[in-house]
Amino acid sequence: EKLKSIGFDFLGHDDQPVRQRNTVRAHAKWNQRFEQLVTFKKEHGHCKVSKSHDLSFFNWVQIQLSNYETKSPELTSDRIEKLRSIGFFDSLDHDTRSVVLERRRHYDEKWNH
């Protein structure tokens, strides 16, 4: 009430609630990374992005795999279909998946998830 009384703008500058703007940005960022993955696959013939190639991109790829393996709601069915359309899951071997799941387990234990 006090914020309203001084004219605080809860919607932000473009009349979209903050959560909605963040969702739009997150969706755009995911699509940008996906397009980066499409380009990477065209150039390299696989989706195994290494840390040395681009750490941030590597982390994004690992998160997608982890979200898929753990059935996270972050990875929607639409996103799964996009990843399948480029053979994302086919080009990642079992060892890669095991490493990701082990890292996720350690993270969950550390942060009590």
Report yes if some residue within the stretch 32-52 is more than 18 Å from residue 87 (Cβ to Cβ), modelled with pLDDT of 95 or more and not in a loop (DSSP other than H, G, I, E, B); otherwise report no.
-> yes
Residue that is nearest to the chain's Cα centre (by Cα), among those in the stretch 36-50 that are surrounded by 11 or more Cβ atoms within 10 Å (Cβ to Cβ) and of a type in the set (D, E, K, R) | 48
How many residues are small (Gly, Ala, Ser), in a helix (DSSP H, G or I) and open to solvent by less than 70 Å² (accessible area, probe 1.4 Å) when one looks only at the stretch 55-81?
-> 2
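The values are calculated or read from the model by the stated rules, or taken from the named source; none is laboratory data. As the structure is a prediction and not an experimental result, all values here were calculated from the model. Using ideal geometry, Cβ is built from the backbone for each residue, glycine included, and neighbour counts are taken over all protein chains shown. Accessible surface areas use protein heavy atoms only, side chains included; no ligands, DNA or RNA. Shrake-Rupley method; radii C 1.70, N 1.55, O 1.52, S 1.80 Å.
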